[in-house]
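Comments concern the structure below.
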Amino acid sequence: MLFRSPVVWVGNATNVLVISNAVPANSVKELIELARKDPGKLNYATSGIGTISHLTSEQASLYESCVRRMMGEIETSEGIQRRGVVLAALIKLKQICNHPSQLLKDLPEGAMPDPARSGKCIRLLEMLDAVLAEGDQALVFTQFRQMGNLLQGMIRKRFDKEVLFLHGGNSLPQRQQIVQDRKSTRLNSSHLV
């Protein structure tokens, strides 16, 4: 990604690809061929959630476009307006990192979002797989109500389980019912977003 200049320089990180000597690949091209030939055989680890490796190509493209737009607007603004441009861009960047549909609002009413469009959603579902395999439960937090709606649909579809969604728009009786449902054995294996 090319940027004119950063708003604030936080740091610089190097991406490294390390493979075991047991893997019969001597180049990235050979590693990709091996992975395509036998899907699911290779295991991997990453540098962590929130790193560039957790953005899908769609997310990376949207992210770059948003930053370029912000940088252009910053050049023509000053003072409180400039701060507003940065704040608005930060919100958009958070939405892009969550799931492209949160920013684009491109899903028809009731449509299920595709988790494969978001590195963060892919990782969340992997983590929930592990949690459920151990017979445990999960509590998932998000800053955005719209993302909660997307997560509720994804989790319900993936695990075929009831997903309770507690958010600021719930009335007091709704919140009380959600808490009661959560405590009941009837929904003991549900997820709460």
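Quick notes on this structure:
- Some residue of the range 80-99 being charged (D, E, K, R), touching a helix residue (DSSP H, G or I) at 6+ places or on another chain (Cβ under 7 Å) and within 26 Å of ASP181 (Cα to Cα): no
- Residues that are open to solvent by less than 60 Å² (accessible area, probe 1.4 Å), in contact (Cβ under 8 Å) with a residue 24 or more places away in the chain and in a helix (DSSP H, G or I), drawn from the range 84-115: VAL86, LEU93, GLN95, ILE96, CYS97, ASN98, PRO100, SER101, GLN102, LEU103, PRO115
- Any hit, the range 167-189, residues being β-branched (Val, Ile, Thr) and under 28 Å from SER57 (Cα atoms): no
- Any chance VAL28 is at pLDDT below 80 and open to solvent by 80 Å² or more (accessible area, probe 1.4 Å): no
- Verdict on LEU87 being within 29 Å of ARG145 (Cα to Cα), at pLDDT 90 or above and within 23 Å of the chain's Cα centre (by Cα): yes
- Search result, residues across the range 116-126 that are part of a helix (DSSP H, G or I) and surrounded by 13 or more Cβ atoms within 10 Å (Cβ to Cβ): ARG117, GLY119, LYS120, CYS121, ILE122, ARG123, LEU124, LEU125
- Failed item, numbered, when GLY135 is tested on (1) open to solvent by 40 Å² or more (accessible area, probe 1.4 Å); (2) farther than 14 Å from HIS54 by Cα; (3) part of a helix (DSSP H, G or I); (4) of a type in the set (Gly, Ala, Ser): (3)
- Residues of the range 137-152 include none that is charged (D, E, K, R) and at pLDDT below 90.
The values are calculated or read from the model by the stated rules, or taken from the named source; none is laboratory data. This one's a predicted model, so the numbers in the text were calculated from it and none came from an experiment. FYI the Cβ positions are ideal-geometry reconstructions off the backbone, even for glycines, and counts take in every protein chain you see. In case anyone asks, the SASA skips ligands and DNA or RNA and just uses the protein heavy atoms, side chains included. Shrake-Rupley method; radii C 1.70, N 1.55, O 1.52, S 1.80 Å.
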